[in-house]
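Trainee: Below: one structure in C-alpha cells.
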Amino acid sequence: MCKKLTVKDDYDKNAVYYDRRYARIQGVKYNMLLNHLPKIGLLFDLGCGTALIVKLKKLDKLRYIGVDISAKMIKIALKRRHFYKNFIIGDVEYLPLREKVAEVISAFTVLQNLEDQPLFINEVKRILNKSGLVILSVLKKNLSLDNLKNILVKNNFIIERKVEENDSEDLGLVISSI
Ligand SMILES: C[S@@+](CC[C@H](N)C(=O)[O-])C[C@H]1O[C@@H](n2cnc3c(N)ncnc32)[C@H](O)[C@@H]1O
C-alpha cells in the first residue's frame, strides 16, 4: 500500500483514541503558536485531524475550515462544527480549493505524514492570498530544516520566526510570502 493510504488507514483506525492520547501534547503546540494566529480572517487548518484546536482553544471570530484525508478523524471533528467552523475531507497535496482563498493556513504535526512535501508547500502557496500567513508546527525529530527552507524559498516563502519550547516536540514556524 502507498504511504498516503497507509497514513489514512492508520488515522481512520485510531481516530476514536486520538483526542485522549494527544490532547495534552497538541495543546502545548497550540499554546506555543496561538499568539501568532490573527483573531479574525479565514483560516484553513490543513491536516486538522479531529480539530482538537477548536476543542481546546478559543479562536474568537476566526473562521475555520479544517481539511483532513481521514474521514474518521473528520467525523469526530464534525462534532465541533459551528457557524464559523467547517470541515472538508481532502488531500492537502491536492487541495479542492480555489486559488488565494486563504488568509491564514495552519498545519500542526502534518508534514511528517506527507508523501510529497514540495507538492504540499506548492498547494499552500496556491491557496494563500498575497498578504497571508502560514503557521507550521513540525516534529523536531527527523526534521531537516535546511530541506524545508529550500522548499519554502522555491515557493517565495520566508520564515519570519521560529518558535521553540522545551516541552514541545514540534518546532513552530511563522511563514509569509516574499
Ligand atoms: C498528527 S495528526 C495532527 C492532527 C491535527 N493537526 C492536530 O493538531 O491534532 C496528522 C493528521 O494529518 C492528516 N493527514 C496526513 N496526510 C494527509 C494528507 N495527505 N492530506 C490531508 N490530511 C492528511 C492525518 O489524517 C491526521 O489527521
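Trainee: Can you tell me which residue among N156, N150, N142 is in contact with a Ser or Thr (Cβ under 8 Å, 6 or more places away or on another chain) and surrounded by fewer than 19 Cβ atoms within 10 Å (Cβ to Cβ)?
Mentor: Testing whether each residue is in contact with a Ser or Thr (Cβ under 8 Å, 6 or more places away or on another chain) and surrounded by fewer than 19 Cβ atoms within 10 Å (Cβ to Cβ) leaves just N156.
Trainee: All but one of (1) surrounded by fewer than 18 Cβ atoms within 10 Å (Cβ to Cβ); (2) more than 16 Å from the ligand (Cβ to nearest atom); (3) of a type in the set (V, I, T); (4) in contact (Cβ under 8 Å) with a residue 40 or more places away in the chain hold for I175; state the number of the condition that does not hold.
Mentor: (1)
Trainee: Turning to a different aspect of this structure: Which condition from (1) more than 25 Å from R161 (Cα to Cα); (2) touching a helix residue (DSSP H, G or I) at 6+ places or on another chain (Cβ under 7 Å); (3) surrounded by fewer than 19 Cβ atoms within 10 Å (Cβ to Cβ) is the one that I88 breaks?
Mentor: With respect to (1) more than 25 Å from R161 (Cα to Cα); (2) touching a helix residue (DSSP H, G or I) at 6+ places or on another chain (Cβ under 7 Å); (3) surrounded by fewer than 19 Cβ atoms within 10 Å (Cβ to Cβ), I88 is out only on (2).
Trainee: Hey, another quick one. Considering only residues of segment 101-126 that are out of contact with any helix residue (DSSP H, G or I) (no Cβ under 7 Å at 6 or more places or on another chain) and surrounded by fewer than 18 Cβ atoms within 10 Å (Cβ to Cβ), which is nearest to K4 (Cα to Cα)?
Mentor: The extreme case among them is D116.
Trainee: Considering segment 67-107 alone, what residues qualify as being within 12 Å of the ligand (Cβ to nearest atom), among the charged types (D, E, K, R) and not in a helix (DSSP H, G or I)?
Mentor: Scanning segment 67-107 gives D68, D91, E93.
Trainee: Kindly establish whether L46 is within 10 Å of the ligand (Cβ to nearest atom) and either closer than 16 Å to R80 by Cα or under 15 Å from the mean Cα position of the chain (by Cα) (or both).
Mentor: The answer is yes for L46.
Trainee: Does at least one position in segment 31-38 carry a residue that is of a type outside the set (D, E), more than 25 Å from K162 (Cα to Cα) and surrounded by 15 or more Cβ atoms within 10 Å (Cβ to Cβ)?
Mentor: No, segment 31-38 has no match at all.
Here, each number is a calculation from the coordinates, and none is a lab measurement. Small disclaimer: the values here were computed from a predicted structure and weren't measured. Note that each Cβ is placed from the backbone with ideal geometry, even for glycine, and that neighbours are counted across all protein chains shown.
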